[in-house]
Every structure is written in structure tokens, then in C-alpha cells.
Amino acid sequence: MLKDKTVLITGASRGVGKETARACAAAGARVILHFNVNQDAAVELANEIGALGCIAADLSQKGAADRLWLQAKNMGGNVDALVNNAGVYRETPLHNAQNWDAGWSEQFQVNVMAPCELMRNAINAWGSKGGAIVNIASRAAYRGDGPDHAGYAASKAALTAAAKTLARAHAHNNVLIYTLTPGWIETDMAPSRVEARAEAVADIPLGRVAQPQEIAAMATFLLSGQCGSATGSVIDINGASFMR
């Protein structure tokens with residue numbers, strides 16, 4: 001499905017990014033892995049799947065996304081597809097002004113500005129030849145999140161709106177942009193305490209949190225271009241815990 005396509009995946013050292021890298025490689029893609037601090041895990045994965053290479057970038061820093069794109073382009077010769085998976089989940093309680101300010105700022109930089117900068121670079125580079133982008137957002141973009149995570153929900157809503165806008169604006173150039181809005185996924189961001197875990201699962205009619213391989217499978221299919229008319233779509237993957 002992705003034979004000879006070069007795919008840049010952010011946050012690829014673990015979780016959804018890791019499984020998406022595996023799935024893309026299995027589909028024939030030439031994969032470039034982005035990581036922040038987990039270099040050993042990224043290198044191990046690169047060796048496992050035969051990736052083109054790994055690029056370190058702290059996406060909380062302004063300009064990091066632009067530099068990442070340039071490095072990926074230099075590494076691959078070109079980049080045909082992009083998976084914006086990297087993200088952060090921070091508490092922003094109303095009663096703590098310091099956490100509020102820092103949490104909102106970091107989440108908007110990592111969850112909105114960085115992926116949008118990568119989309120901007122991709123669209124400008126592709127011109128009329130097109131390409132595919134999958135953004136990993138969250139059901140929180142639509143239903144909101146817990147009381148201490150307004151900043152996270154707002155950042156994912158902003159990413160979702162930006163992706164829709166860019167999809168409408170650039171579909172005529174065969175730029176395909178999709179957004180996935182999972183609920184809880186079986187990664188290290190999922191609840192681990194027994195009480196919190198039970199509460200999270202009780203809210204999911206399917207009776208379990210999603211596996212990262214499920215998100216990866218959908219992302220890989222969309223990157224293939226086999227359903228281009230779905231560009232602009234937001235696809236819920238949350239065990240029927242939220243439906244629009």
C-alpha cells in the first residue's frame with residue numbers, strides 16, 4: 001500500500017507512533033522516526049523495521065518542527081506522508097495558576113503549533129503532486145476531558161479544526177488530510193491505578209481501551225490514498241464511548 005513512499009512519524013519511539021511505524025514499514029514505506037528523549041527505543045525500532053533513520057527534536061521548542069521537516073527531507077530526499085502523533089497530556093487545574101499557564105503553553109506548542117507547522121511544510125513542499133497526512137487528536141476535541149485537562153481538550157480541538165481547514169483548502173492539489181480521535185489507548189498515557197482504570201473502562205461500551213495497533217492500522221490505510229474522498233474526515237476510534 002505504501003511501497004516506496006517516505007513517511008515521517010512523530011513520537012515514534014513508543015505507543016501509537018511505534019505501532020504506526022511498524023505498520024507503515026510492513027506496507028512497504030520508507031519510515032523516518034521522530035523522537036524526543038527515547039533515543040535507545042527509537043534506534044531499536046529503526047533497526048527492527050529497517051527505517052531510514054531517527055531524528056531527535058523537542059517539539060515544545062519553537063522552530064523545532066520546521067527543523068525536523070528539513071532534516072527529514074534531507075534524510076529521505078523527499079517526504080510523501082506525515083503522521084502527527086507526538087503529543088503531551090498535562091494537568092491544568094483552575095486553582096493553580098502556574099500549572100495552568102505552563103500546561104496550556106506546552107500543550108498548544110506540542111499539540112497544535114508543531115503539527116500545524118509540519119503540515120504547512122508538507123503542503124508547501126508537495127505543491128500539486130499531493131501527499132497524505134494523518135493527525136492523532138482525541139475524542140476530547142469534541143466531548144471535552146476531565147476537569148483538570150481543559151488545556152488538552154482545547155489543543156486537540158484546535159488541531160482538528162486546523163486539519164479540516166487545510167483539507168478543504170488543499171484537496172484540489174490531492175493533499176489528503178485525516179484526523180483520528182481515539183479515546184483511551186493502551187499506552188503509558190492510559191490510566192494505571194485500579195480505580196481510575198475501572199472508571200475509564202466502564203465508560204467504554206466495547207469494554208476495553210483501544211490497542212495502539214488499531215490506531216496504526218487505520219492511519220496506515222488512510223496514508224495509502226485508497227480512500228481519498230475521505231479527506232477532511234475525523235474518525236472516532238473509542239469503543240463507542242463518544243459518537244457524533
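The values are calculated or read from the model by the stated rules, or taken from the named source; none is laboratory data. Source: prediction; values computed, not measured. When we count neighbours, we look across all protein chains shown, and the Cβ atoms used for this are built from the backbone with ideal geometry, even at glycine.
Observations
- Criterion (touching a His at 6+ places or on another chain (Cβ under 8 Å) and either within 22 Å of C227 (Cβ to Cβ) or not basic (K, R) (or both)) met by exactly one of I55, I32: I55
- Residue match in region 142-151 (condition: surrounded by 24 or more Cβ atoms within 10 Å (Cβ to Cβ) and under 26 Å from V7 (Cβ atoms)): no
- The residue of region 71-105 that is surrounded by the most Cβ atoms within 10 Å (Cβ to Cβ), among those that are farther than 14 Å from V31 by Cβ and under 16 Å from the mean Cα position of the chain (by Cα), is N84.
- Members of region 16-61 found to be among the charged types (D, E, K, R) and either touching a helix residue (DSSP H, G or I) at 6+ places or on another chain (Cβ under 6 Å) or under 16 Å from I215 (Cβ atoms) (or both), listed by number: K18, E19, R22, D58
- Region 197-207, subset surrounded by 12 or more Cβ atoms within 10 Å (Cβ to Cβ) and out of contact with any Lys or Arg (no Cβ under 8 Å at 6 or more places or on another chain), residue modelled with the lowest pLDDT: R197
- A65 buried (at least 24 other Cβ atoms within 10 Å of the Cβ), of a type in the set (G, A, S) and closer than 21 Å to A217 by Cβ: no
So that you can scan it fast, the table gives a plain yes or no per residue for (1) in contact with a strand residue (DSSP E or B) (Cβ under 9 Å, 6 or more places away or on another chain); (2) more than 28 Å from A29 (Cβ to Cβ); (3) in contact (Cβ under 8 Å) with a residue 40 or more places away in the chain:
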site: I133; (1), (2), (3): yes, no, yes
site: D148; (1), (2), (3): no, yes, yes
site: A154; (1), (2), (3): no, yes, yes
site: H170; (1), (2), (3): yes, no, yes
site: P205; (1), (2), (3): no, yes, no
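- For region 132-160, the tally of residues that are touching an Asp or Glu at 6+ places or on another chain (Cβ under 6 Å) and more than 26 Å from L223 (Cα to Cα) stands at 1.
- Residue match in region 173-181 (condition: farther than 26 Å from A97 by Cα, modelled with pLDDT of 95 or more and more than 18 Å from the chain's Cα centre (by Cα)): yes
- Answer residue from region 163-187, given it is out of contact with any helix residue (DSSP H, G or I) (no Cβ under 9 Å at 6 or more places or on another chain) and surrounded by 15 or more Cβ atoms within 10 Å (Cβ to Cβ) and is nearest to I237 (Cα to Cα) among those: K164
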